[in-house]
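The values are calculated or read from the model by the stated rules, or taken from the named source; none is laboratory data. None of these values were measured; they are calculated from a predicted model. Because the Cβ atoms are built from the backbone with ideal geometry, glycine has one as well, and the counts that use them run over all protein chains shown.
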Amino acid sequence: MSQPASWSVLNPQSLFSRARRARTAAEHEYWRILRPVADINSEEDWTTVCTTIYRDTGLSKNLISRNFQALDILDQLPRLKALVGETFLLDLYHLSVIAKAIGKAPTELQDDDYLWKVLDQDLMSLFTPKRPQQLLPGTRTINNTIADAIASVKALAAPQVPSPWGAPAPDLEDGPVPCEDPAATLRSLPPAEDAAQLSSLFIEQLEDDRVNFSLTVDQATGTLLRDVISQAASTRETSPAKALVKQLLEPISLTVNSLLYSASDVDDAPVYHPATGILNAEAAATLQDMVTRTLDMDAAQDAETTKHDMTFPQRAFVIGRDWTCRWPGCNAPATHLDGDHRINHEDGGPTRPDNMIMLCRHHHNRKTDVQATYLLDPVTGDVYWHFADGTYAVDLAAGPLTPRKKNWVQTYAQRTAAARTYAARKAAAEEFEQYQANLVPDDP
């Protein structure tokens, strides 16, 4: 008899899981008690509240602000709030991760009921287990889920900024009113003569004699630069920051592959990049114009090679399926990780995607030392980890090539159409209300 889907952190047979649930429940109750009924827009009131709480608890203002914001966000997600209240699946740390990610949405969209409905729906899908003993999603997966949800409605409300690559800004289709661009004033003083002025570099001398460099570029340029820096770091076996400095001062030749993933059989399908996530329309068009090779991921999924290392198409598929290191709790991006054979190659294991997962070097060594073993579902890409104490846990594949994400691509296209309909109806209602407000009553 098959076991029902469940979360490993809610395992009633585990002493640790029971202790975690009790702690999380107590934590929620504690912070709900501390949560004030105050005007947080008033600096004086908020300071007084934080000082009072600090006096009685020793909690810092930053921690108070972070956790109160997390509870405020949870209150706007009714389905997720009900789930958390029933199971205490998410502690305040995870809720603060959610709040911070949602805070990256454009200010105008944060007041849009449709966005909150989308977020609640996608977070409920993320936090509904699909397998017995499923591992709790990591922070990268949580952030990606929220970023994807925002992107699914954000494109229709994005400010129309000229492309730095020379392409004209697309005409705004029917949809939400464009968001106000916080940099509009800066860009208008003086008016940009060309696209290059949309980029900026800020250099600051710090008090400890170090120098801070801050570079702002468009998404397409930033995505390419990120790939170059990541490849430099991997080649030089150092941190991204050190790799960037060395590449500028002591340049070496690099071969950089930027991977883009998009469904070819779905209209308005999103374009994914392993580090950036869903690209905006301008960046997607710019980078797709630079594509020099198109790979069939369906063919790569079933391909096999007699060599130990995967071919480039095979590796592209496994990256697109796994998205991160598959070791429980590791969030390392998959692009520059090791391809691990579930059944070792020297033991006859094939170099084929259904026998391969991406692991960072640290966890690859742990698996090689048999500190844990795993089974790989060849259809879903889910990994069943088995531990020395006889327990197991399931890590769900999170990349755009998983069957679940392929279904989400359909939802993305449908959601885009629904957002247009919603925005059009909302705009019509507001126009009618304005029309009624402008009516002048007839003289008696």
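Structure summary
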item	result
Failed condition for Y114, given (1) surrounded by fewer than 18 Cβ atoms within 10 Å (Cβ to Cβ); (2) at pLDDT 90 or above	(2)
Long-range neighbours under 9 Å by Cβ, at least six apart or interchain, first residue assigned by TED's automatic domain parsing to the domain that holds R315 and touching a residue at least 40 places away in the same chain (Cβ under 8 Å) within region 345-360, second outside any strand (DSSP E or B) and among the hydroxyl-bearing types (S, T, Y)	P350/T306; T351/T306; T351/T311; M358/T335
Pick from region 117-138, criterion touching a Phe, Trp or Tyr at 6+ places or on another chain (Cβ under 9 Å) and in a helix (DSSP H, G or I), ranking: surrounded by the most Cβ atoms within 10 Å (Cβ to Cβ)	D122
Enumeration of residues in region 85-98 that are within 20 Å of S65 (Cα to Cα) and of a type outside the set (S, T, N, Q)	L90, D91, L92, Y93, H94, L95, V97, I98
Selected residue [outside any helix (DSSP H, G or I) and small (G, A, S)] from A105, A151	A105
Filtered residues of region 340-368 (kept if outside any helix (DSSP H, G or I) and within 21 Å of P403 (Cβ to Cβ))	R342, R352, M356, I357, M358
Counted residues, region 372-413 - those being modelled with pLDDT of 70 or more and part of a helix (DSSP H, G or I)	9
Residues of region 329-342 satisfying the condition of being modelled with pLDDT of 95 or more and farther than 23 Å from V256 by Cβ	D340, H341, R342
Selected residue [among the acidic types (D, E) and in contact (Cβ under 8 Å) with a residue 12 or more places away in the chain] from D268, D298	D268
Residue that is nearest to Y272 (Cα to Cα) [pool: residues in region 208-237 that are part of a helix (DSSP H, G or I) and free of Cβ contacts under 8 Å to residues at least 24 places away in the same chain]	L225
Matching residues in region 1-25 - criterion: being loosely packed, with under 11 Cβ neighbours inside 10 Å, in contact (Cβ under 8 Å) with a residue 12 or more places away in the chain and within 29 Å of the chain's Cα centre (by Cα)	P4
Residue within region 244-260 that is touching a helix residue (DSSP H, G or I) at 6+ places or on another chain (Cβ under 8 Å), of a type in the set (A, V, I, L, M, F, W, C), surrounded by fewer than 12 Cβ atoms within 10 Å (Cβ to Cβ) and on the phi < 0 side of the Ramachandran plot present	yes
Test: R326 is among the charged types (D, E, K, R), part of a loop (DSSP other than H, G, I, E, B) and buried (at least 20 other Cβ atoms within 10 Å of the Cβ)	yes
Qualifying residues in region 90-127 (those that are polar (S, T, N, Q) and touching a residue at least 24 places away in the same chain (Cβ under 8 Å)) - the one nearest to I146 (Cα to Cα)	Q121
Filter result for the condition that a residue is among the small types (G, A, S), crowded, with 16+ Cβ neighbours inside 10 Å, assigned to a helix (DSSP H, G or I) and at negative phi, over S65, S96	S96
Of all residues making up region 361-394, the number that are acidic (D, E) and in contact (Cβ under 8 Å) with a residue 40 or more places away in the chain	1
Conditions (1) modelled with pLDDT under 90; (2) over 18 Å from the mean Cα position of the chain (by Cα): number failed by L71	(1)
Number of positions in region 310-352 that are at positive phi and in contact with a His (Cβ under 7 Å, 6 or more places away or on another chain)	0
